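Colleague: One structure follows; several queries about it will come next.
The values are calculated or read from the model by the stated rules, or taken from the named source; none is laboratory data. These numbers come from a predicted model, not from an experiment. Don't worry about glycine lacking a Cβ; one is built from the backbone with ideal geometry, like all the others, and counts go over all protein chains shown.
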Amino acid sequence: MDKDYTKMMEQLKDGELDEFVVKPDEFMDFYPAFTKFEFRKRIVGKADKLGILTYHYDHDQTS
């Protein structure tokens, strides 16, 4: 089953999720949803050495 990345980002924004993980083989599915997400500048990702990305929402960002 495909992940609904737009919904997951909305859940981050709304505080329903603290974070979610995107594996390297999922990134090309995630990226189009990310680029269309209105608040994408507040979605912050951190990559580990294996290329696994963990995203969270920056509620404190001012810009």
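Colleague: Looking at the structure I just gave you, is F39 of a type outside the set (D, E, K, R) and under 10 Å from the mean Cα position of the chain (by Cα)?
Modeller: The answer is no for F39.
Colleague: So, in the range 20-63, how many residues would count as being polar (S, T, N, Q) and modelled with pLDDT of 95 or more?
Modeller: Result for the range 20-63: 2.
Colleague: Identify, please: which residue in the range 18-63 is among the basic types (K, R) and not in a helix (DSSP H, G or I) and is, among those, nearest to M8 (Cα to Cα)?
Modeller: K23
Colleague: Return the total of residues in the range 5-50 being surrounded by 11 or more Cβ atoms within 10 Å (Cβ to Cβ), touching a His at 6+ places or on another chain (Cβ under 8 Å) and of a type in the set (D, E).
Modeller: Number of matching residues: 1.
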